[in-house]
Amino acid sequence: MELVVVLVVLGILASVAALRWGDRDGPRLAAAANELRAILTQAQRLAVAKNREVCVRVQGGRLTLRLNPTPTAGAACSLDVVGMDGLPLGFELPSGATVTPAAFRYRADGQPQPAPVRLALGPGVIVQVNPVTGHVQ
């Protein structure tokens with residue numbers, strides 16, 4: 001009887017350990033999604049505050065932000081958006097992340113173009129930009 005109880009307890013412990021071990025990427029991807037949402041929200045707010053377009057581009061696994069220095073819509077985004085530390089703002093995407101489209105702009109009114117924007121960081125971890133309001137979800 002004692003052997004059965006020990007085996008049941010060991011089975012429960014093993015299943016709990018397997019669940020924790022199998023979801024190692026979940027917290028990492030959730031943290032990455034939160035950081036990405038913050039950067040995209042900052043880009044949208046900057047576009048509205050400056051009344052200029054902010055370009056978001058994904059290349060080589062890195063998301064970067066650049067500012068259109070002119071009021072002309074569609075002009076080149078030639079200025080890096082920099083953080084408080086003076087370094088260009090960017091974000092290293094987790095391996096395997098997909099972004100559709102790979103480049104878009106926040107217009108001066110805060111709307112993304114082209115829309116919709118969808119960033120899949122991993123299984124079940126999706127960041128989307130609302131095509132009408134530009135808010136990051």
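Any read-out appearing in this document is the output of simple, stated calculations on the displayed coordinates, not a laboratory observation. Owing to the predicted nature of the structure, the values given are computational and were not obtained by experimental measurement.
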Calculate I(q)/I(0) for segment 23-89 by the Debye formula, one identical point scatterer on each C-alpha and no solvent, and give its log10 at q = 0.17, 0.20, 0.28 Å⁻¹ to two decimals.
-0.65, -0.84, -1.28
Quick one: 3J(HN,Hα) in Hz for segment 40-48, Karplus 6.51/-1.76/1.60 with θ = phi - 60°, rounded, Gly and Pro as x.
5, 5, 4, 4, 5, 5, 5, 4, 5
Residues with amide H under 5 Å of Leu67's amide H, sequence separation 5 or more or different chain, H placed in the peptide plane at 1.01 Å from N; which?
Cys55, Ser78, Leu79, Asp80, Val81
From the backbone phi of segment 110-125, what are the Karplus-calculated ³J(HN,Hα) couplings (6.51 cos²θ - 1.76 cosθ + 1.60, θ = phi - 60°) in whole Hz, Gly and Pro given as x?
x, 7, x, 9, x, 10, x, 10, 9, 10, 9, 8, x, x, x, 10
